[in-house]
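Colleague: Attaching a single structure in structure tokens format; questions to follow.
The values are calculated or read from the model by the stated rules, or taken from the named source; none is laboratory data. It should be emphasised that the depicted structure is a prediction, and the values quoted were computed from it without experimental measurement. Because the Cβ atoms are built from the backbone with ideal geometry, glycine has one as well, and the counts that use them run over all protein chains shown. Each accessible area value is taken on the protein alone, full model and side chains, heavy atoms only, with ligands, DNA and RNA left out. Shrake-Rupley method; radii C 1.70, N 1.55, O 1.52, S 1.80 Å.
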Amino acid sequence: MSIFSDQEKKVFHLQTKHTSYIMQVVRGKYLAHVYWGKKIHTPDMENAQLNRLIGFSATTDNEDKTYSLDFVCQEYPTGCGTDFRIPAVSVLFEDGSRNLQLLYRDSRVIKGKPGLEGLPATYVESEEEADTLVLTLYDPVQQLAVELMYTAYSELDVITRSVRIINEGNRAVVLEKVLSANVDFETSEYDLITLPGAWGRERHIERTPLRSGVQSVESRRGASSHQNNPFLALAGRDTTETAGDVYAFNFVYSGNFTAGVEVDQIFKARAYMGLNDYDFSWILEPGESFQAPEVVMVYSGNGLGEMSRTFHDLYRSRLVRGRYRDEARPILANNWEATYFDFDEEKILALAKEAADLGIELFVLDDGWFGKRNSDTCSLGDWFVNEEKLPGGITGLASRIREYGIQFGLWFEPEMVSPDSDLYRSHPDWCIHVPGRERTECRNQLTLDLSRQEVRDYIVESVSCILDTADISYVKWDMNRHMTELGSAGLDSRRQKEMPHRYMLGLYEVLERVVSSHPDVLFESCSGGGGRFDPGMLYYMPQTWTSDDTDAVERLYIQYGTSLAYPVSSMGSHVSAVPNHQAARVTSLAMRGDVAMSGNFGYELDLMQMTQEEKDFVRIQIGLYKDLRTFVPSADMYRLQSPFEGNHTAWMFVSKDGMDIYAAYFQILCEVNPGIRRMRFTALDPDAVYEVLGEGGECYRGDELMEIGLVVDLHGDFQSRIWRLRKKG
Ligand code: DGJ
């Protein structure tokens with residue numbers, strides 16, 4: 001039982017393994033937030049609830065002039081009436097008013113966790129894993145009901161939230177803003193941690209003290225984006241990787257979002273997350289309901305490391321689905337950086353053969369195999385093979401590659417259309433556009449309007465047609481532009497602002513149809529690298545191409561930042577050529593491999609250009625990764641040194657049974673006459689003996705490895721050192 005509800009006092013207490021989340025209905029009608037943090041007994045509510053009137057705050061009702069919602073910590077504020085802080089919801093009623101008063105109506109507890117219709121969400125496999133509390137708030141004047149759904153996982157320190165709005169009246173209403181979570185904190189003594197970035201520089205960690213006013217991260221690009229990730233955490237000022245409080249939020253959604261904090265006049269902090277109200281509105285007819293996506297909330301009292309491990313455990317076991325949730329991912333070779341668009345069958349077969357000889361298990365043919373696509377100027381949407389390049393078709397190529405004893409995978413960019421394509425010439429209104437306006441292109445392409453059923457059907461059919469006629473065991477699902485000139489020819493003028501969210505619902509429908517009808521295919525999502533690295537996409541596709549930037553040094557920052565919320569089993573990570581195509585940096589093959597091995601490993605370079613010595617080394621890397629993938633993808637990750645704080649980065653993984661350890665240490669720039677550097681391990685059994693595999697077989701006690709550590713002696717720029725340890729006995 002993870003939810004306790006006291007119907008008399010109207011107290012609701014959600015408990016996970018180590019955390020509590022408590023709410024109470026006050027004054028018989030307002031749903032107040034009481035507590036979120038370490039697991040506690042249900043408190044004395046007289047003591048826990050505060051009431052104070054602050055100057056210039058209006059009283060909540062005229063009968064009681066001592067009470068103002070402006071002061072109260074709330075669960076789902078409307079901003080109407082007497083709370084002047086940022087609202088979670090905004091509705092335009094037919095009478096032109098926006099006044100919404102949400103009063104408590106009822107509650108119910110459900111065993112397990114219901115799914116969210118049409119949306120990705122975390123799940124349970126048995127009802128024992130979680131309980132769900134549904135609190136209904138209601139506006140009696142406008143007859144609008146709001147269901148707040150909270151799930152508490154019993155074995156994971158996770159609470160999920162989502163919101164459903166139901167029009168119980170007899171007139172249509174317009175939803176102008178619907179957030180999925182709001183948490184009011186009594187203090188703003190926190191640092192705000194976010195993961196901003198850019199193409200090729202995704203998810204860098206930013207940490208700044210909260211200040212008065214609103215501070216937020218958002219996407220208005222029609223995708224969760226490279227520029228901001230739908231992740232936000234509030235950490236105590238002294239919180240580190242291993243100690244201190246942290247409250248984290250992650251949105252299970254791949255489109256426009258907003259996430260932020262408002263620090264008010266008495267230094268309380270309101271944290272929120274949900275759909276961005278920019279270019280959003282939704283007409284809700286009588287009897288209809290609107291389901292907002294899910295927010296995952298994690299509290300850790302033991303620092304950022306524990307927060308991340310909780311997210312990792314949840315995502316790899318109860319977000320990701322399908323065969324590859326539990327199965328080892330194949331080591332792949334991708335031809336993109338080897339050939340770009342310049343390939344033919346002979347070249348591809350030679351690369352695939354070389355890959356097979358090296359022990360690589362999957363060959364992926366990237367962009368350029370379809371239509372007339374010899375550059376990025378044409379053919380998106382025309383998903384039929386270019387027989388000039390590949391005379392045997394995809395079917396023939398796949399079976400030739402299979403003969404080498406490896407699997408075959410294929411790239412698609414199904415959400416896009418090139419103006420120079422047969423698809424666009426036949427259906428010029430199938431793209432997102434506003435009549436009479438120029439359709440601005442990005443990478444010479446337009447976005448298909450996935451709010452339309454016929455467009456969705458076209459995508460499902462054209463992708464399935466290829467997958468069903470060739471032996472394809474992997475798909476890279478790419479998406480390479482953001483939305484402009486928002487409009488849909490399939491929606492009437494009143495509903496144009498519904499398009500961005502309808503696009504996402506359409507995308508999720510397409511993904512569900514394609515993925516569920518091809519259960520043996522491994523899907524990797526991509527958006528110019530990590531432009532849609534979010535939990536929404538991971539629900540359909542268990543891994544994401546982390547970044548187009550494959551430079552080993554840049555990847556330290558990107559993979560370290562990404563690991564704040566996402567497990568290494570979700571990160572595509574490849575060894576590429578030097579000088580690196582994005583950063584022009586020259587790093588050793590060893591370092592490139594050591595960085596890439598903390599992810600789904602692969603190679604993305606011209607294997608034919610490698611020297612014999614390099615090929616021999618690649619074989620060693622492949623052997624090592626085959627061992628690592630038996631435990632690293634499901635292991636506990638410990639970040640030991642941050643690239644954002646200095647010249648060195650270190651992280652390690654401990655298998656769930658504590659027997660297997662993998663650790664990596666990286667030096668960015670050479671230090672002349674350096675200080676003493678040691679790798680101090682963590683989370684080992686101090687009394688146990690560990691063998692360092694693959695070297696002289698040295699053995700050390702856990703306490704020595706953790707307290708004294710192993711000397712790291714690195715000379716030169718861009719160096720790395722890895723250790724594979726096994727607990728003895
Ligand atoms: C962007 C991806 O991130 C790359 O890996 C590659 O697939 C290109 N698109 C192909 O156009």
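Colleague: Output the number of residues of segment 173-194 satisfying the condition of being over 16 Å from Thr258 (Cα atoms), aliphatic (A, V, I, L, M) and open to solvent by 10 Å² or more (accessible area, probe 1.4 Å).
Modeller: Of the residues in that region, 1 qualify.
Colleague: Considering only residues that are touching a Pro at 6+ places or on another chain (Cβ under 9 Å) and at positive phi, which ones fall in segment 212-229?
Modeller: Matches in segment 212-229: Gly222 only.
Colleague: Looking at this structure, is Gly729 without any contact (Cβ under 8 Å) to a residue 12 or more places away in the chain and more than 34 Å from the chain's Cα centre (by Cα)? Spell out how you get there, then give the answer.
Modeller: Values: without any contact (Cβ under 8 Å) to a residue 12 or more places away in the chain: no; more than 34 Å from the chain's Cα centre (by Cα): yes.
Answer is no for this residue.
Each row is one residue, and each column tells you yes or no for (1) part of a helix (DSSP H, G or I); (2) among the aromatic types (Phe, Trp, Tyr).
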{"residue": "Phe341", "(1), (2)": "no, yes"}
{"residue": "Ala350", "(1), (2)": "yes, no"}
{"residue": "Gly368", "(1), (2)": "no, no"}
{"residue": "Thr377", "(1), (2)": "no, no"}
{"residue": "Lys389", "(1), (2)": "no, no"}
{"residue": "Ile394", "(1), (2)": "yes, no"}
{"residue": "Ala398", "(1), (2)": "yes, no"}
{"residue": "Arg425", "(1), (2)": "yes, no"}
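Colleague: Right, here's the next one. Looking at (1) farther than 28 Å from Leu69 by Cα; (2) open to solvent by 10 Å² or more (accessible area, probe 1.4 Å); (3) assigned to a loop (DSSP other than H, G, I, E, B), which one does Glu128 not meet, given that it meets all the others?
Modeller: The one condition Glu128 does not meet is (3).
Colleague: Just checking, which of Arg402, Arg437 is touching a strand residue (DSSP E or B) at 6+ places or on another chain (Cβ under 9 Å), in contact (Cβ under 8 Å) with a residue 12 or more places away in the chain and among the basic types (Lys, Arg)? Spell out how you get there, then give the answer.
Modeller: Details: Arg437 fails: touching a strand residue (DSSP E or B) at 6+ places or on another chain (Cβ under 9 Å).
Result of the check over Arg402, Arg437: Arg402.
Colleague: Right, another one. Only one residue in Arg220, Arg203 is basic (Lys, Arg), within 30 Å of Ile432 (Cα to Cα), open to solvent by 50 Å² or more (accessible area, probe 1.4 Å) and under 18 Å from the mean Cα position of the chain (by Cα). Which one?
Modeller: Numbers: Arg203 fails: open to solvent by 50 Å² or more (accessible area, probe 1.4 Å).
Arg220 is the lone residue from the list that is basic (Lys, Arg), within 30 Å of Ile432 (Cα to Cα), open to solvent by 50 Å² or more (accessible area, probe 1.4 Å) and under 18 Å from the mean Cα position of the chain (by Cα).
Colleague: Might you check whether a residue that is in contact with a Lys or Arg (Cβ under 9 Å, 6 or more places away or on another chain), within 16 Å of the ligand (Cβ to nearest atom) and open to solvent by 10 Å² or more (accessible area, probe 1.4 Å) occurs anywhere in segment 565-575?
Modeller: Yes: segment 565-575 contains one or more residues that are in contact with a Lys or Arg (Cβ under 9 Å, 6 or more places away or on another chain), within 16 Å of the ligand (Cβ to nearest atom) and open to solvent by 10 Å² or more (accessible area, probe 1.4 Å).
Colleague: Within segment 442-465, take every residue that is of a type in the set (D, E, K, R) and touching a residue at least 40 places away in the same chain (Cβ under 8 Å) and give me the one that is most open to solvent (accessible area, probe 1.4 Å). Break it down stepwise before answering.
Modeller: As a first pass, look at segment 442-465 and keep what is of a type in the set (D, E, K, R): 443, 449, 452, 454, 456-457, 461.
Keeping just the survivors that are touching a residue at least 40 places away in the same chain (Cβ under 8 Å) gives 443, 449, 452, 456.
Working: Arg443: 77, Asp449: 0, Arg452: 28, Arg456: 27 Å².
Selected residue: Arg443.
Colleague: Any idea how many residues of segment 355-380 are open to solvent by less than 30 Å² (accessible area, probe 1.4 Å) and at negative phi? I'd like the intermediate steps shown before the answer.
Modeller: Step one: list which residues in segment 355-380 are open to solvent by less than 30 Å² (accessible area, probe 1.4 Å), which gives 355-356, 358-360, 362-371, 373, 378-380.
Applying the additional criterion that residues be at negative phi yields 355-356, 358, 360, 362-367, 369-370, 373, 378, 380.
The qualifying residues number 15.
Colleague: When the residues of segment 429-471 are filtered to those that are within 16 Å of the ligand (Cβ to nearest atom) and not acidic (Asp, Glu), which remaining residue is farthest from the chain's Cα centre (by Cα)? Can you show your working first?
Modeller: First, pick out the residues of segment 429-471 that are within 16 Å of the ligand (Cβ to nearest atom): 441-447, 463.
With the extra rule that they be not acidic (Asp, Glu), the set shrinks to 442-447, 463.
On the way: Cys442: 24, Arg443: 24, Asn444: 27, Gln445: 25, Leu446: 25, Thr447: 22, Val463: 24 Å.
The qualifying residue farthest from the chain's Cα centre (by Cα) is Asn444.
Colleague: Could you please find all residues in segment 667-715 being modelled with pLDDT under 95 and small (Gly, Ala, Ser)?
Modeller: Scanning segment 667-715 gives Gly675, Gly694, Gly696, Gly697.
Colleague: For segment 628-673, which residues satisfy the criterion of being small (Gly, Ala, Ser), open to solvent by less than 40 Å² (accessible area, probe 1.4 Å) and touching a helix residue (DSSP H, G or I) at 6+ places or on another chain (Cβ under 7 Å)? So that I can check it myself, show each step before the final result.
Modeller: If we filter segment 628-673 for residues that are small (Gly, Ala, Ser), which is where we start, we get 634-635, 642, 646, 650, 655, 658, 663-664.
This time we only want the ones that are open to solvent by less than 40 Å² (accessible area, probe 1.4 Å), so: 635, 642, 646, 650, 655, 658, 663-664.
If the condition is that a residue be small (Gly, Ala, Ser), open to solvent by less than 40 Å² (accessible area, probe 1.4 Å) and touching a helix residue (DSSP H, G or I) at 6+ places or on another chain (Cβ under 7 Å), then Ser642, Ala664 are the ones that fit.
Colleague: Somewhere in segment 85-103, is a residue of a type in the set (Phe, Trp, Tyr) and open to solvent by 10 Å² or more (accessible area, probe 1.4 Å)? Step through it out loud before you land on a result.
Modeller: Residues of segment 85-103 that are of a type in the set (Phe, Trp, Tyr), as a first pass: 93.
Filter again for open to solvent by 10 Å² or more (accessible area, probe 1.4 Å), leaving none.
The answer is no; no qualifying residue exists.
Colleague: Restricting attention to segment 472-506, report how many residues are more than 16 Å from the ligand (Cβ to nearest atom), out of contact with any Gly (no Cβ under 6 Å at 6 or more places or on another chain), over 30 Å from Arg402 (Cα atoms) and open to solvent by less than 20 Å² (accessible area, probe 1.4 Å).
Modeller: The total comes to 7.
Colleague: Can you tell me which of Phe280, Phe267 is in a loop (DSSP other than H, G, I, E, B), open to solvent by 40 Å² or more (accessible area, probe 1.4 Å) and more than 30 Å from Ala577 (Cβ to Cβ)?
Modeller: Details: Phe280 fails: open to solvent by 40 Å² or more (accessible area, probe 1.4 Å).
Of the residues listed, the single one that is in a loop (DSSP other than H, G, I, E, B), open to solvent by 40 Å² or more (accessible area, probe 1.4 Å) and more than 30 Å from Ala577 (Cβ to Cβ) is Phe267.
Colleague: Taking interchain pairs and intrachain pairs at least six residues apart, which have beta carbon atoms under 6 angstrom, with the first residue in segment 374-390 and closer than 20 Å to Trp430 by Cα and of a type in the set (Asp, Glu) and the second more than 12 Å from the ligand (Cβ to nearest atom) and open to solvent by less than 70 Å² (accessible area, probe 1.4 Å)?
Modeller: Note: pairs meeting the criteria are Asp382/Gly371; Asp382/Ser421; Asp382/Asp422; Asp382/Leu423.
Colleague: Identify, please: which residue in segment 507-546 is open to solvent by 10 Å² or more (accessible area, probe 1.4 Å) and of a type in the set (S, T, N, Q) and is, among those, nearest to Asp471 (Cα to Cα)?
Modeller: Residue satisfying both the conditions and the ranking: Ser517.
Colleague: Now for a separate question. Provide a single number: the residues in segment 386-428 that are more than 30 Å from Glu354 (Cα to Cα) and either more than 16 Å from the ligand (Cβ to nearest atom) or among the polar types (S, T, N, Q) (or both).
Modeller: Within segment 386-428, the first condition is being more than 30 Å from Glu354 (Cα to Cα), and the residues that meet it are 415-428.
Of the ones still in play, those that are also either more than 16 Å from the ligand (Cβ to nearest atom) or among the polar types (S, T, N, Q) (or both) are 418-419, 421-428.
Residues flagged as more than 30 Å from Glu354 (Cα to Cα) and either more than 16 Å from the ligand (Cβ to nearest atom) or among the polar types (S, T, N, Q) (or both) within segment 386-428 amount to 10.
Colleague: Could you check segment 303-338 and list, in sequence order, the residues that are open to solvent by 10 Å² or more (accessible area, probe 1.4 Å) and either in contact with a Gly (Cβ under 8 Å, 6 or more places away or on another chain) or more than 27 Å from Ile360 (Cα to Cα) (or both)?
Modeller: The answer is Leu304, Glu306, Arg309, Thr310, Asp313, Arg318.
Colleague: Take segment 451-487 and flag every residue that is over 14 Å from Trp383 (Cα atoms), among the polar types (S, T, N, Q) and not in a loop (DSSP other than H, G, I, E, B).
Modeller: Gln453
Colleague: Quick check on my filter: what residues within segment 31-57 are open to solvent by less than 90 Å² (accessible area, probe 1.4 Å) and farther than 22 Å from Gln15 by Cα? Working first, answer last.
Modeller: So in segment 31-57, the residues open to solvent by less than 90 Å² (accessible area, probe 1.4 Å) come out as 31-37, 40, 42-43, 45, 48-49, 51, 53-55, 57.
Those that are open to solvent by less than 90 Å² (accessible area, probe 1.4 Å) and farther than 22 Å from Gln15 by Cα: Asn51, Leu53, Ile54, Gly55, Ser57.
Colleague: Taking only segment 331-361 into account, find how many residues are within 16 Å of the ligand (Cβ to nearest atom) and either among the charged types (D, E, K, R) or within 15 Å of Val618 (Cβ to Cβ) (or both).
Modeller: Start the filter on segment 331-361 by keeping residues that are within 16 Å of the ligand (Cβ to nearest atom), which leaves 332-343, 348, 351.
Then keep just the ones that are either among the charged types (D, E, K, R) or within 15 Å of Val618 (Cβ to Cβ) (or both); that gives 332-334, 337-338, 342, 351.
Going through segment 331-361 one residue at a time, the tally reaches 7.
Colleague: Additional query: Could you please let me know if Trp383 is open to solvent by 10 Å² or more (accessible area, probe 1.4 Å) and within 16 Å of the ligand (Cβ to nearest atom)? Outline the logic, then answer.
Modeller: Details: open to solvent by 10 Å² or more (accessible area, probe 1.4 Å): yes; within 16 Å of the ligand (Cβ to nearest atom): yes.
So Trp383 fits the description; yes.
Colleague: Within segment 520-549, how many residues are of a type outside the set (Phe, Trp, Tyr), in contact with a strand residue (DSSP E or B) (Cβ under 9 Å, 6 or more places away or on another chain) and away from the ligand (no atom under 11 Å from the Cβ)?
Modeller: Number satisfying all stated conditions: 10.
Colleague: Determine which single condition Glu206 fails, assuming it passes every other condition in (1) out of contact with any Leu (no Cβ under 7 Å at 6 or more places or on another chain); (2) touching a residue at least 60 places away in the same chain (Cβ under 8 Å).
Modeller: So the condition that Glu206 fails would be (2).
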